[in-house]
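Worksheet: the structure to be examined is printed underneath.
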Amino acid sequence: MEITFDVAVLLFFIAMLAGTIDAIAGGGGLITIPALLAVGLPPGAAIATNKVGGIAAAAAATLHFLRMRQIDLKRSRWMMLGAFLGSLVGGIALTGIDSSVLRQIIPILLIGFALYFLLSPKVGAQDRSERISMGLYAATLSPLIGLYDGFFGPGTGTFLAISLVTLLGMNLVKATAHAKLLNLCSNSAALVFFSLHGSVVWSFGLPILAGQWVGGTIGARLAVTRGHQLIRILMVTMAVVVSVKMILEQ
């Protein structure tokens, strides 16, 4: 498909906003996917092309979090592998499994998480002791959430951040940083799968990539400087927005 200059500029600024929000709380696809649909991409191509921007936002945010020493790459390597492999399996499963059950369950889980954070204001304010080891997380939750991202997607960043807070005892800033790292891995696997199947429209993906890279950097800076209160507000908001959108679509 051809893309005009005006559409490319519009997609860039929409993607920048989406990348900023996504780096802090996830859910950037709620902004970019409708935009891609509005400019003429069919649903399958819009979802696949959106992964290009998702990688850019996650990569930019991850780089900033690394500079701010919020990510431990050495300890995270097995979680990264789990997220990548899980997402790859999820993408393969997408071709032959009905996702209607997930559409019914995920809104309930997200609203439950939002209520948990609203009613527990001290959760994520500082590091706490681990409830499970990072190795166990890498072998279970990391590939499962990665599989969900490759198969379905909405709310992945929220699931990652909340699980890192509640199970590994990370504060919200550190959990958000590691969530972006794992999201980068799961998005990369999904993009590999979609690219091999020819679903990505690169002419539309490149302005999305550029915009989300800028937005991801801005969002990561805000997350570090404004701390867990900003992340909490946006995370709860995006969890509710994703849930409402999915319920209305049903």
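Throughout, read-outs are computed from the coordinates displayed, never taken from laboratory work. The shown structure was predicted, so the numbers you read here are calculated from the model rather than taken from an experiment. Note that we place each Cβ from the backbone using ideal geometry, even for glycine, and neighbour counts take in every protein chain shown.
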Practice item. Round to the nearest 10 and give me the degree value, 0 to 90, for the angle of helix 156-168's Cα axis relative to the longest principal axis of the chain. Key: 10
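Highest mean first, what order results for 231-241, 79-89 on Cβ atoms within 10 Å? List each step's numbers first, then the result.
Working: 231-241: 21.0, 79-89: 23.0.
The densest-packed peptide leads the list: 79-89, 231-241.
What does the extension gain come out to for ILE233 and LEU248, with contour length at 0.36 nm per residue minus their alpha carbon separation?
Fully extending the segment from ILE233 to LEU248 adds 3.1 nm.
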Revision key, fill the gap. Neighbours of ALA239 by Cβ distance under 13 Å: Lys/Arg at +1, Asp/Glu at -1, summed charge +2
Check your understanding: By how many degrees, between 0 and 90 and to the nearest 10, does the Cα long axis of helix 29-38 differ from the longest principal axis of the chain?
Key -> 10
Exercise for review: Treating only the Cβ atoms of Lys and Arg (+1) and Asp and Glu (-1) as charged, compute the dipole magnitude of the chain about its Cα centre; round to the nearest 20 debye.
Suggested key: 880
Point to revise | Gain on full stretching of the segment that runs from ASP6 to ARG69 - 0.36 nm per residue minus C-alpha separation | key: 18.8 nm
Review point. Taking region 18-76, which trypsin sites (Lys or Arg not before Pro) meet the DSSP loop condition and have no more than 10 other C-beta atoms within 10 Å?
Key: ARG69
Check your understanding: With axes computed from alpha carbons, what is the tilt in degrees of helix 228-249 against the longest principal axis of the chain, rounded to the nearest 10 within 0 to 90?
Key -> 50
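Run the numbers for LEU136 and VAL192: contour at 0.36 nm per residue of separation, minus the present Cα-Cα distance, in nm. If you can, show how the numbers build up before the last one.
Details: separation 56, 0.36 × 56 = 20.16 nm, distance 2.65 nm.
That works out to 17.5 nm of additional length.
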Practice item. Starting from the amide H of GLY155, placed 1.01 Å from N in the peptide plane, find each other amide H under 5 Å away whose residue is 5 or more places distant or on another chain. Key: GLY27
